[in-house]
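Colleague: Below: one structure in structure tokens.
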Amino acid sequence: MYQRILVPVDDSTAALHALREACQLAKQLDAAILAVHVVDVAQFDWGAPTFNDAAALRKAVEATGVKVLEKSQAELEAAGVRYDSLIMESAGDKIADLLIEQAEAENCDLIVMGTHGFSGLMHLLMGSVAEGVVRKSDVPVLLVRRKDD
């Protein structure tokens, strides 16, 4: 069955519930989890010529990613599952594509991720990483939807 499960994590309730679901599955299957946090550094390109301290930006972005992963690692340790964690950077790339590529590179055979379940205008405005992963992934994807997020 599944041996290595990729779980994208961020600060959302949906991601936390997906991580917990992945932990339950990993325990039952004796699988390992790869917790991945993607930081889109392109979102910090405000176009202001006065903001040019790339080193400070990188440090701040990295610190935020480390905090997210530390929360996830606490959940993984409490669940007693084997895990690795990784911070990935995107420079405007489609995050769904990066997650799929990482899953392939890490030999993951399942992706478990949270989804906000936006529809209509919110979906149009926010997009959906989960939808992109489902559409393009060659490995199974388990979506955990939380309406309270």
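Colleague: 5 Å is the cut-off here: which amide hydrogens, built 1.01 Å from N in the peptide plane, fall below it relative to Ala32, excluding neighbours closer than 5 in sequence?
Modeller: Here the answer is Arg4, Ile5, since their amide H atoms fall under 5 Å of that of Ala32.
Colleague: Follow-up question, since we're still on this one. Calculate one ³J(HN,Hα) per residue across the stretch 58-64 by plugging θ = phi - 60° into the Karplus curve 6.51 cos²θ - 1.76 cosθ + 1.60, and present them in order as whole Hz with x for glycine and proline.
Modeller: 4, 5, 5, 5, 5, 4, 5
Colleague: Search the structure for amide H atoms under 5 Å from the amide H of Gly114, placed 1.01 Å from N in the peptide plane, and list their residues when 5 or more places away or on another chain.
Modeller: Ala18, Val144
Colleague: What is the sum of charges, Lys and Arg at +1 and Asp and Glu at -1, for the other residues whose Cβ falls under 14 Å from the Cβ of Asp138?
Modeller: So the environment of Asp138 carries a net charge of -3.
Colleague: Report the net charge of residues surrounding Ile5, where surrounding means a beta-carbon distance below 12 angstrom and charges are Lys +1, Arg +1, Asp -1, Glu -1.
Modeller: Charge balance in the 12 Å sphere: -2.
Colleague: Once phi is turned into θ = phi - 60°, what whole-Hz ³J(HN,Hα) does the Karplus curve with 6.51, -1.76 and 1.60 give for every residue of the stretch 137-146, x standing for Gly and Pro?
Modeller: Here the 3J(HN,Hα) series is 6, 8, 10, x, 10, 10, 9, 10, 9, 10 Hz.
Colleague: Can you list the residues, at least 5 places off or on another chain, whose amide H is less than 5 Å from the amide H of Asp40, using H built in the peptide plane?
Modeller: Residues meeting the amide H criterion: Ser90.
Colleague: Taking a cut-off of 28 Å between Cα atoms, list the lysines near Lys27, but don't count ones fewer than 8 places away on the same chain.
Modeller: Qualifying lysines at Cα under 28 Å: Lys67, Lys71, Lys136, Lys147.
Colleague: What ³J(HN,Hα) values, in whole Hz, does the Karplus curve 6.51 cos²θ - 1.76 cosθ + 1.60 give for the stretch 24-40 when θ = phi - 60°, with x put for Gly and Pro?
Modeller: Karplus-based 3J(HN,Hα) across the stretch 24-40 equals 4, 5, 4, 5, 5, 9, 6, 9, 9, 10, 10, 8, 10, 10, 9, 10, 8 Hz.
Colleague: Whole angstrom only: what separates the Cα centroid of the stretch 80-120 from the Cα centroid of the stretch 1-39?
Modeller: That distance is 10 Å.
Throughout, read-outs are computed from the coordinates displayed, never taken from laboratory work. Just so it is clear, the model here is predicted, and its values are computed rather than measured. So basically every Cβ, Gly included, is an ideal-geometry build from the backbone, and we count neighbours across all protein chains shown.
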